[in-house]
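The values are calculated or read from the model by the stated rules, or taken from the named source; none is laboratory data. Just so we're clear, the structure is a prediction, and the values are computed from it rather than from any experiment. Here the Cβ positions follow ideal geometry from the backbone for every residue, glycine too, while neighbour counts run over all protein chains shown.
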Amino acid sequence: MGGAQYRISRISLTGIRTANDNDALKPVIQKLDRLADQEQAERDAIKCLPFEIKNAPANHYLVQEGDVVTECCLLLSGYAYRHKKISNGDRQIVSFHIPGDILDLQQLLLSHADHNLQTVTDVTFASVPAADIKRLP
């Protein structure tokens, strides 16, 4: 399981997706629509993804460098950032994330996380199995 699962005691599980949760991924769909025109079939495919809604507190690591990541996090509320430890031990911030961002999509191509993903504020996110993301058209 992904890095978030290793620290499940510090993450609040809100619930598993039900048929009435089609609007839960709305921030992600809206963000994708702003970036490029989406076909309705593409929006529907995203809405059909299985997911769990989770909450994490500020300063929580969702992914740590070296984790085997089997899930993608879709940020629904709050803020997070990606960073790497550099040779002198300092942290280099690589990116900031806002609601609607897919936080660790690049992990679909890597066997282990090559960065840390940490919350800035309390966050709510949808955890989607990476295998389901890979099957998107």
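Okay, here's what the table says:
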{"read-out": "Extreme residue, farthest from P57 (Cα to Cα), among residues of the range 89-122 that are in contact with a Leu (Cβ under 9 Å, 6 or more places away or on another chain) and aliphatic (A, V, I, L, M)", "value": "I102"}
{"read-out": "Breaking point among (1) of a type in the set (A, V, I, L, M, F, W, C); (2) more than 16 Å from I133 (Cα to Cα); (3) at pLDDT below 85, for V94", "value": "(3)"}
{"read-out": "Flag if N116 is out of contact with any Ser or Thr (no Cβ under 9 Å at 6 or more places or on another chain) and modelled with pLDDT of 85 or more", "value": "yes"}
{"read-out": "Pairs, first under 21 Å from L76 (Cβ atoms) in the range 35-49, second modelled with pLDDT under 75 and polar (S, T, N, Q), C-beta under 8 Å, six or more apart", "value": "K47/N22"}
{"read-out": "The range 89-106 residues that are among the acidic types (D, E), paired with ones that are modelled with pLDDT under 95 and in a strand (DSSP E or B) (beta carbon under 8 Å, 6 or more apart)", "value": "D101/L74; D101/L75; D104/L62; D104/V63; D104/C72; D104/C73; D104/L117"}
{"read-out": "Residue within the range 8-25 that is modelled with pLDDT of 70 or more and closer than 19 Å to L103 by Cβ present", "value": "yes"}
{"read-out": "Options A126, A130: the member that is in contact with an Asp or Glu (Cβ under 8 Å, 6 or more places away or on another chain), surrounded by fewer than 19 Cβ atoms within 10 Å (Cβ to Cβ) and within 19 Å of V28 (Cβ to Cβ)", "value": "A130"}
